[in-house]
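See structure below.
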Amino acid sequence: MKSFSVVLALLWLAIAGKNAFAMRPDTVITYHESSDDIMNPERGFYRPHNIFASNYIPLSESTLAGYRNRQKVEKALYAVSSSLIYVEYVLDTFTRTPISDTFLKKLNADCATARKAGVKLIIRFCYVNKTHGGSCPGGAFCPPYGDAPKSIVLKHISQLKPYLRQNADIIACMQFGFIGVWGENYYTDFFGNASDSAQGRLLDTNWRDRIEVLKALLNALPKSRMIQVRIPQLKQRAVYGINAPVESAGLTLAEAFNGSDKARIGFHNDCFMSSPNDQGTYMDYGNSSTPQKDATPALRKFEMADSKFTVVGGETCDDMFSPENDCGPTGRVQQELAAFHYSFLNAGYNTEVNNDWVTGGCMDEIKQKLGYRLVLRKASIPTRVQKGGVIDVALNIENVGYASPYNARPVQLILKNRANGKVVVLLLKTDIRRWFTGAVNLHQKLALPADVKAGVYDLYLNLPDAAATISSRPEYSIQLANQDLWEASTGYNKLKVALQVK
């Protein structure tokens, strides 16, 4: 009897052990970070283009597609690959008339060209991008400047609205533009000139006019897209009123990404780290009852807080602020890019400043960290599941970039059947715009659709574009900053685990 009991016990252990192995829920995988300069959508160093209504030269598909390959920048010590193209449309022949149908058709064709090339656009409209000198106090910046009155600007925005909306898939963001030389809202004939050659501040009517144009542009774009303004005070006064103090609060997490005007206004600093107040970026421009004065500490504090939840980019413009705009530890360029959550910079200007980052040894770090950089650290994923069961997935991701993605996109677990290649898509409940710098931990239970057949499935993480027009294009999907995970043909990131559905 004793020997029979031992045999039964051994048999039970063997059966239990076999079942325990069959039901083992998870495999834990550790992934290796890549040091590559990864080109990802809506971030990085952009390539600039100017297009004039008076001499319209359309965007070239081969040129735009070529930017996706690593190319040396003219007058620079560095090379970049770019998924972003900045296009400044100069409406120089329409300062007193509607935009022509011919121009609008060409604009639409440019957007189609960008879509074919696999890039996205940062768009700005202006009326003049040149200055002239004279005997005015400004010396080299004398009126008339050559921009358009408010009535014309508003008419143009209404004309552009349908084209902006139908091409929003390839518009990463827009810049406010329209007002003043370069569309930078400063040297203007119609919206208040705060320079020494004119009134020296902005009056109440100037603020109202500017805010009216900003509101019209926000309305012209779908709520999924943000608009960048040149000075942070414009956002404060658009949100809180023309008497808003420079100490006004920035966005909170509860307010972020909700489609409101407040949540959709970001910043472009076109003189990044060029002086203590970045050539007037952080000025209080006053109003009818208050004077113009410097407000650098307060406005920097506001933008630092607000920019965590909005799109930020720009360009350098002057190397006179060296060594502050140099690499650390002598300079503080990396700290500034991180503090203001920069997603992109101009690759072609100012190369004197940007070249210092090469010689100073921080250019590679900046190229990697502009915007988001998502590293998959570890995953806990089941290797077996019953048909119609639940997949318990835990992903440990770290965003080591300066900012989170600023446009929404889905996060998907992909199951690809090894036998027939059929794909099952499971959506993770998360907002990628809230994947701020630091740890991102996802732990979710995903129900397997009842019609998923038994078989072995390879697992992937997919971060495609939200727009149906380009969601299947790998050029618009996010590549994780890991070694040997990217599948270039699909835009999927391999998780290096197979799931058996039984």
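The values are calculated or read from the model by the stated rules, or taken from the named source; none is laboratory data. Here the structure is a predicted model, which is why all the values come from computation and not from measurement. Don't worry about glycine lacking a Cβ; one is built from the backbone with ideal geometry, like all the others, and counts go over all protein chains shown.
Tabulated results
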| read-out | value |
| --- | --- |
| Residues satisfying the stated conditions in region 351-365, i.e. surrounded by 19 or more Cβ atoms within 10 Å (Cβ to Cβ) and either without any contact (Cβ under 8 Å) to a residue 24 or more places away in the chain or not in a helix (DSSP H, G or I) (or both) | C362 |
| Residue ranges of helices (runs of 4 or more DSSP H) in region 220-315 with at least 1 members among the hydrophobic types (A, V, I, L, M, F, W, C) and closer than 22 Å to S195 by Cα | 232-240, 296-306 |
| Qualifying residue in region 245-257 (condition: more than 27 Å from the chain's Cα centre (by Cα) and either surrounded by fewer than 16 Cβ atoms within 10 Å (Cβ to Cβ) or over 25 Å from N346 (Cα atoms) (or both)) | yes |
| Wholly within region 1-99, strands (runs of 3 or more DSSP E) carrying at least 1 residues that are at pLDDT 95 or above, touching a His at 6+ places or on another chain (Cβ under 6 Å) and not small (G, A, S) | 84-90 |
| Number of positions in region 79-99 that are more than 18 Å from R47 (Cα to Cα) and either touching a Ser or Thr at 6+ places or on another chain (Cβ under 8 Å) or acidic (D, E) (or both) | 3 |
| Condition check for D147: modelled with pLDDT under 95, acidic (D, E) and under 21 Å from Q279 (Cβ atoms) | no |
| Residues (over 17 Å from D37 (Cα atoms), surrounded by 17 or more Cβ atoms within 10 Å (Cβ to Cβ) and touching a Pro at 6+ places or on another chain (Cβ under 7 Å)) located in region 371-409 | P382, I391, R409 |
| A467 vs. criteria in the same structural domain as A488 (by TED's automatic domain parsing), hydrophobic (A, V, I, L, M, F, W, C) and closer than 17 Å to P41 by Cβ | yes |
| Condition met for D306 (within 30 Å of S260 (Cβ to Cβ) and assigned by TED's automatic domain parsing to the domain that holds T281) | yes |
| Considering residues of region 58-94 that are among the β-branched types (V, I, T) and over 14 Å from D110 (Cβ atoms) only, the residue surrounded by the fewest Cβ atoms within 10 Å (Cβ to Cβ) | T93 |
| Residue in region 266-276 that is surrounded by fewer than 19 Cβ atoms within 10 Å (Cβ to Cβ) and either of a type in the set (A, V, I, L, M, F, W, C) or modelled with pLDDT of 95 or more (or both) present | yes |
| Residues (touching an Asp or Glu at 6+ places or on another chain (Cβ under 8 Å) and under 24 Å from C327 (Cβ atoms)) located in region 375-399 | V375 |
| Complete set of residues in region 116-131 that are basic (K, R), out of contact with any Ser or Thr (no Cβ under 7 Å at 6 or more places or on another chain) and closer than 21 Å to R43 by Cα | K116, R124 |
| Matching residues in region 379-409 - criterion: being charged (D, E, K, R) and over 21 Å from W435 (Cα atoms) | R384, K387 |
| Long-range neighbours under 6 Å by Cβ, at least six apart or interchain, first residue at positive phi within region 311-338, second in a loop (DSSP other than H, G, I, E, B) and among the hydrophobic types (A, V, I, L, M, F, W, C) | G314/F272 |
| Unique residue being more than 16 Å from T281 (Cα to Cα) and of a type in the set (A, V, I, L, M, F, W, C) when the list is I211, I179, I231 | I211 |
| Residue, farthest from the chain's Cα centre (by Cα), within region 280-328, restricted to residues that are of a type in the set (F, W, Y) and closer than 24 Å to R201 by Cα | Y285 |
| Residue match in region 192-214 (condition: in contact (Cβ under 8 Å) with a residue 40 or more places away in the chain, over 27 Å from T290 (Cα atoms) and in contact with a strand residue (DSSP E or B) (Cβ under 8 Å, 6 or more places away or on another chain)) | no |
| Subset of region 277-286 [surrounded by fewer than 21 Cβ atoms within 10 Å (Cβ to Cβ) and in contact with a helix residue (DSSP H, G or I) (Cβ under 6 Å, 6 or more places away or on another chain)] | N277 |
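For (1) crowded, with 19+ Cβ neighbours inside 10 Å; (2) among the β-branched types (V, I, T); (3) under 27 Å from the mean Cα position of the chain (by Cα); (4) not in a strand (DSSP E or B), each residue gets a yes or a no:
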position	(1), (2), (3), (4)
K105	no, no, yes, yes
A109	no, no, yes, yes
V128	yes, yes, yes, yes
T131	no, yes, no, yes
F141	yes, no, no, yes
S151	no, no, no, yes
L160	yes, no, yes, yes
C173	yes, no, yes, no
